[in-house]
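The values are calculated or read from the model by the stated rules, or taken from the named source; none is laboratory data. Predicted model, so just to flag it, every value in this text is computed and none were measured. So basically every Cβ, Gly included, is an ideal-geometry build from the backbone, and we count neighbours across all protein chains shown.
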Amino acid sequence: MKIDQTSDYCPLIKKKCIEHGCKFYVQIMGTDPQTGKDINGWDCAITWLPMLIIEGSQQTRQTGAAIESFRNEVVKTQSIIDIAGAQAEQIENQPSANNTIE
């Protein structure tokens, strides 16, 4: 069964779409996450949902990648701090020429 995407039938009110008279009729401006084309149009919020979910998923993946990159930098920095601390401790524990017992 093929669904007619161009139909102006609204399943919420079970009659013809009232467009700007409906709270669900919204304007979306931005970039299509699948094609990269600019979008500026009015349609039912329910019609926009699949595209918005895809965009949200892409943003979540990008955020995850940024967090992982930041974590890797923190681990590197912590390793450098640990090495420097170990070297400082080793220097403190070495007998000094000034610390001779009389």
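What the table shows:
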| item | result |
| --- | --- |
| Residue among ILE39, ILE67, ILE53, ILE91 that is aliphatic (A, V, I, L, M), modelled with pLDDT under 90 and either within 24 Å of the chain's Cα centre (by Cα) or surrounded by fewer than 10 Cβ atoms within 10 Å (Cβ to Cβ) (or both) | ILE91 |
| Options ASP82, ASP43; residue that is without any contact (Cβ under 8 Å) to a residue 12 or more places away in the chain and charged (D, E, K, R) | ASP82 |
| Enumeration of residues in the stretch 5-32 that are assigned to a strand (DSSP E or B) and surrounded by fewer than 10 Cβ atoms within 10 Å (Cβ to Cβ) | MET29 |
| Of all residues making up the stretch 1-36, the number that are closer than 28 Å to SER57 by Cα, of a type in the set (Gly, Ala, Ser) and modelled with pLDDT of 90 or more | 1 |
